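Notes to accompany the following structure.
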């Protein structure tokens, strides 16, 4: 099997990220949130969200109403970003990085509107019965396909990775001939490769280093959830994120490490260890 640097698609893939980092970050400015900004935030936090089953957005909205959180607004020719930062665990804005993600993956035809709810709850495996990994243990954002005006990220943990994932959906990249678990696995595999690419600023050797670390983490995590949480097929919710991505990477010619089923029990369900810098 060829090495990462020998795969024919790697060079053009990284060239696009290199081209982004050859430019200064998009010019943006902080402005005072409007009444419409607050109204939009509250419209997202009222009611129940079938994706946010842990009610993280609702808790952030309640904190904002109680003045226990701050709303920040950054605007740019590419759109706007709203950030709800909870005072007890403030979220450091990554404006330059986030705007780079939008310029790299967004569509020129439609502006983006991104909302970050900086909830501090981390992704963890279930601690009580039934020991089934569900949405509340994994999900961190949502959007509608082909709709960059409706991107929401609601965990502080891995916020940039989630933004990249949702930007793929919003830019009409979903392979619609596949079922939802396959679409999510495909999107997540590419999102993590882009995340590693941005951490490497498109440079080959740093990208290979980040990818090897990511592949090792993902393979151990997949073995853990298969062993301890019986994640086996598309019908298991965790499969689409923690197992399905391995098949996508193999399809792309990437050699994924294998681990025995007696692998250590991993408590974290965060998808990636990679954190690009805010440059």
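The values are calculated or read from the model by the stated rules, or taken from the named source; none is laboratory data. What you see is a predicted model; the values in this text were computed from it and never measured. Methodologically, a virtual Cβ is constructed for each residue, glycine included, from the backbone with ideal geometry; neighbour enumeration extends over all protein chains shown.
Quick look at the numbers
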read-out	value
Qualifying residues in the stretch 17-44 (those that are free of Cβ contacts under 8 Å to residues at least 40 places away in the same chain and in contact with a strand residue (DSSP E or B) (Cβ under 9 Å, 6 or more places away or on another chain)) - the one surrounded by the most Cβ atoms within 10 Å (Cβ to Cβ)	38
Only listed residue being at positive phi and either modelled with pLDDT of 95 or more or surrounded by 17 or more Cβ atoms within 10 Å (Cβ to Cβ) (or both), chosen from 134, 122, 158	158
Residue list for the stretch 17-51, filter: modelled with pLDDT of 95 or more, assigned to a loop (DSSP other than H, G, I, E, B) and either in contact with a helix residue (DSSP H, G or I) (Cβ under 6 Å, 6 or more places away or on another chain) or farther than 30 Å from residue 207 by Cβ (or both)	25, 26, 32, 33, 34
Residue among 265, 234 that alone is more than 16 Å from residue 139 (Cβ to Cβ), part of a loop (DSSP other than H, G, I, E, B) and within 21 Å of the chain's Cα centre (by Cα)	234
Selection from the stretch 232-257 of residues that are crowded, with 19+ Cβ neighbours inside 10 Å and more than 18 Å from residue 272 (Cβ to Cβ)	236
Within the stretch 5-16, tally of residues that are in a helix (DSSP H, G or I) and either surrounded by 11 or more Cβ atoms within 10 Å (Cβ to Cβ) or modelled with pLDDT of 95 or more (or both)	8
Residue selected from the stretch 104-114 under the condition more than 25 Å from residue 38 (Cα to Cα) and not in a loop (DSSP other than H, G, I, E, B), by the criterion nearest to the chain's Cα centre (by Cα)	105
Lone qualifier among 78, 82, 72 - being more than 20 Å from the chain's Cα centre (by Cα) and buried (at least 17 other Cβ atoms within 10 Å of the Cβ)	72
Members of the stretch 45-67 found to be more than 20 Å from residue 151 (Cβ to Cβ) and surrounded by 17 or more Cβ atoms within 10 Å (Cβ to Cβ), listed by number	63
Selection count, the stretch 110-131, where residues are out of contact with any helix residue (DSSP H, G or I) (no Cβ under 8 Å at 6 or more places or on another chain) and more than 26 Å from residue 276 (Cβ to Cβ)	4
Helices (runs of 4 or more DSSP H) (entirely within the stretch 132-230) containing at least 2 residues that are out of contact with any helix residue (DSSP H, G or I) (no Cβ under 9 Å at 6 or more places or on another chain), touching a residue at least 12 places away in the same chain (Cβ under 8 Å) and closer than 23 Å to residue 253 by Cα	204-228
